[in-house]
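The values are calculated or read from the model by the stated rules, or taken from the named source; none is laboratory data. Please read these numbers as outputs of a predicted model, since none were measured by experiment. In this analysis, Cβ positions are derived from the backbone assuming ideal geometry, glycine residues included, and neighbour counts consider all displayed protein chains.
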Amino acid sequence: MLDINFIKENLEKCKAAAINKNRVVEWDKLLAIDETWRRLTKSVDDLRAKRNEIAKKQTEEAKVEGRQLKESLKGLEEEQRSVEAELQTILMTVPNVPDTSVPIGKDSSGNVEVRRWGKEPVFDFGIKDHIELAKKLDLMDFERGAKVGGFRAYFLKNEAVLLEFGILQYALRKLVSKGYTPLMAPSLVKEFTLFGNGQFPWGRDEVYHLEKDDLYLAGTAEVPVTSYYSDEILSEMDLPKKFVAFSPCFRREAGSYGKDTKGAYRLHQFNKIEQLIISTNEMSNSLTLLEELLHNSEEILQDLKLPYRVMSMCTGDMGEPQVKKYDIETWMPSRGAYGETMSDSLMGDFQARRVKLRYRTKDGKTQYCHTLNNTAVASPRILIPLLENYQQKDGSIRVPDVLVPFVGKEVISR
């Protein structure tokens, strides 16, 4: 959420950001409500001051006037609260302002490639996609998954289970060794956390709601961990706080009908290791931390020896809360293209304002924090490039060297 004063002082910039992020904001309504709230706030303050003055008098007339002012004040305060709630609701629809380095574009066609790593493998045999490989080697069962759990459900089996746990554990250990605090985050969350991370109000259709308990299933550990220190004031000397969080994740994929309907690319349930940082609100420092998160994810793919490319996301493809965002796309041979496996985002103080996450500076001032997050690894999507890039002519799969200790073998075959 942006500060209303920032919006008014940078109105044209905020309007341009909304247009570039393909979002509609009722600007005139927002400004009118803010003006009404300020007028009511002044009236309330004036009435309180007058009531305090009258309270100093001990006459009967003063007591009568005091009671009348009390009733008037009660009505004004109720109106003020109602208008403030309306103001907060419309402020929630204003997207964040991108950094000047972000490319402007309407959709994914406006994304810009930053760099590539690794060589795309050349096979001297007819390759199989991950679905064929998994079926032949008895690693995934999508048919029985759909029978039991519906569309986009699946069973991982045999060495695929060991691969997933191995990748998740490897990423977790690597980040812990870099000083990140490990967390196991809840997947069941309250509604305020989804407003807090910026998924609501825009992304309600993507989230599973458990109506009876009024709880939601989070699609990423970013949701609960962003609210870990909600409504708290941290100390500047304790920042940045760096976390690596594991959680099962759930997404309805409501906006993806007809896209990636087969295989392990787009599923309703998956497991993820997420990197999160809470920092001071110095943008130059936050941009440096964004590169650190990106480097961590790249290092994991390099350890797995999987070719990838880094994309700078344009305004129309980066999401509402982000100031700047990278996607890492890993080479998927069956597609003959790169597919997204990690996302790296800087939110500025957008999320912190929503969850009231602040810190006290060395000179005693209170500031909103900056928040950042990045997928370290998500599975089973990461199994797609792993199985496909490491497939052998005889249909077996060679296990990446760093995962052999977790799988217990160098080759998966039947």
All positions within region 221-235 that are surrounded by fewer than 16 Cβ atoms within 10 Å (Cβ to Cβ) and either hydrophobic (A, V, I, L, M, F, W, C) or touching a Ser or Thr at 6+ places or on another chain (Cβ under 7 Å) (or both)
Ile233
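Tell me whether region 276-292 contains one or more residues that are in contact with a Ser or Thr (Cβ under 9 Å, 6 or more places away or on another chain), over 20 Å from Thr193 (Cα atoms) and part of a strand (DSSP E or B). First the steps, then the outcome.
Going through region 276-292, the residues in contact with a Ser or Thr (Cβ under 9 Å, 6 or more places away or on another chain) turn out to be 276-280, 285-287, 289-290.
Applying the additional criterion that residues be over 20 Å from Thr193 (Cα atoms) yields 280, 285-287, 289-290.
With part of a strand (DSSP E or B) added as a condition, the list becomes none.
Among the residues of region 276-292, not one is in contact with a Ser or Thr (Cβ under 9 Å, 6 or more places away or on another chain), over 20 Å from Thr193 (Cα atoms) and part of a strand (DSSP E or B), which makes the answer no.
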Subset of region 224-273 [touching a Lys or Arg at 6+ places or on another chain (Cβ under 8 Å), among the small types (Gly, Ala, Ser) and either under 28 Å from Tyr338 (Cβ atoms) or at pLDDT below 95 (or both)]:
Ser247, Ser256, Ala264
Name the single residue, out of those in region 264-275 being in a loop (DSSP other than H, G, I, E, B) and in contact with an Asp or Glu (Cβ under 7 Å, 6 or more places away or on another chain), that is farthest from Glu132 (Cα to Cα).
His268
Can you tell me which of Thr59, Thr100 is free of Cβ contacts under 8 Å to residues at least 40 places away in the same chain and closer than 30 Å to Leu301 by Cβ?
Thr100
Could you check how many residues of region 1-48 are among the small types (Gly, Ala, Ser) and either assigned to a loop (DSSP other than H, G, I, E, B) or modelled with pLDDT under 95 (or both)?
1
Given the conditions (1) in contact with a helix residue (DSSP H, G or I) (Cβ under 6 Å, 6 or more places away or on another chain); (2) crowded, with 21+ Cβ neighbours inside 10 Å, and given that Ser334 satisfies all but one, which numbered condition is not satisfied?
(2)
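It is to be established whether one or more residues within region 238-255 are among the β-branched types (Val, Ile, Thr) and either loosely packed, with under 14 Cβ neighbours inside 10 Å or free of Cβ contacts under 8 Å to residues at least 60 places away in the same chain (or both).
No, region 238-255 contains no residue that is among the β-branched types (Val, Ile, Thr) and either loosely packed, with under 14 Cβ neighbours inside 10 Å or free of Cβ contacts under 8 Å to residues at least 60 places away in the same chain (or both).
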From (1) surrounded by 13 or more Cβ atoms within 10 Å (Cβ to Cβ); (2) of a type in the set (D, E, K, R); (3) not in a loop (DSSP other than H, G, I, E, B), pick out the condition that doesn't hold for Arg115.
(1)
Index of the failed condition, Pro405 passing every other in (1) under 18 Å from the mean Cα position of the chain (by Cα); (2) surrounded by fewer than 19 Cβ atoms within 10 Å (Cβ to Cβ)
(1)
Which of the residues spanning region 164-193 are free of Cβ contacts under 8 Å to residues at least 12 places away in the same chain and within 30 Å of Glu211 (Cα to Cα)?
none
